[in-house]
């Protein structure tokens, strides 16, 4: 991992933004896809969407209720790999198609 190339998703080592099974929580019970989540110090959630299928691509949905946010609230979703905000969403976020064996890493922040 080259920290210089990935500064945005390793922005604060205290947050432990890159989650593993040791410091995050897997939200899915199925083998594919996997959704991992972990809290950040600013109240946001770090969310990793992992498409484990062996071929093809598919969208993955993360629901606010699954990450401890009220379902009727809006949240800003940021793509940490692309380093850009994807928009403000209410209740859930559905990714674009994620290729097989690929991941998408997000920061989800409730709006005030």
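Things to note:
- In the set 97, 51, 72, only one residue is at pLDDT 85 or above and surrounded by 17 or more Cβ atoms within 10 Å (Cβ to Cβ); that residue is 51.
- Residue 66 meets each of the listed conditions (1) modelled with pLDDT under 90; (2) in a loop (DSSP other than H, G, I, E, B); (3) surrounded by fewer than 18 Cβ atoms within 10 Å (Cβ to Cβ) apart from (2).
- Within the range 35-63, the set of residues being under 17 Å from residue 76 (Cβ atoms) and in a loop (DSSP other than H, G, I, E, B) comprises 40, 41, 42, 43, 44.
- On the stretch given as the range 75-88, residues that are closer than 18 Å to residue 33 by Cβ and either more than 13 Å from the chain's Cα centre (by Cα) or outside any strand (DSSP E or B) (or both) total 2.
- All conditions in (1) crowded, with 16+ Cβ neighbours inside 10 Å; (2) under 11 Å from the mean Cα position of the chain (by Cα); (3) at pLDDT 85 or above hold for residue 61, with the sole exception of (1).
- Residue within the range 101-110 that is assigned to a loop (DSSP other than H, G, I, E, B), in contact (Cβ under 8 Å) with a residue 12 or more places away in the chain and under 20 Å from residue 52 (Cβ atoms) present: yes
The values are calculated or read from the model by the stated rules, or taken from the named source; none is laboratory data. Remember, predicted model here, so these are calculated numbers, not experimental data. As a convention, Cβ positions derive from the backbone with ideal geometry for all residues, glycine included, and neighbour counts pool all protein chains shown.
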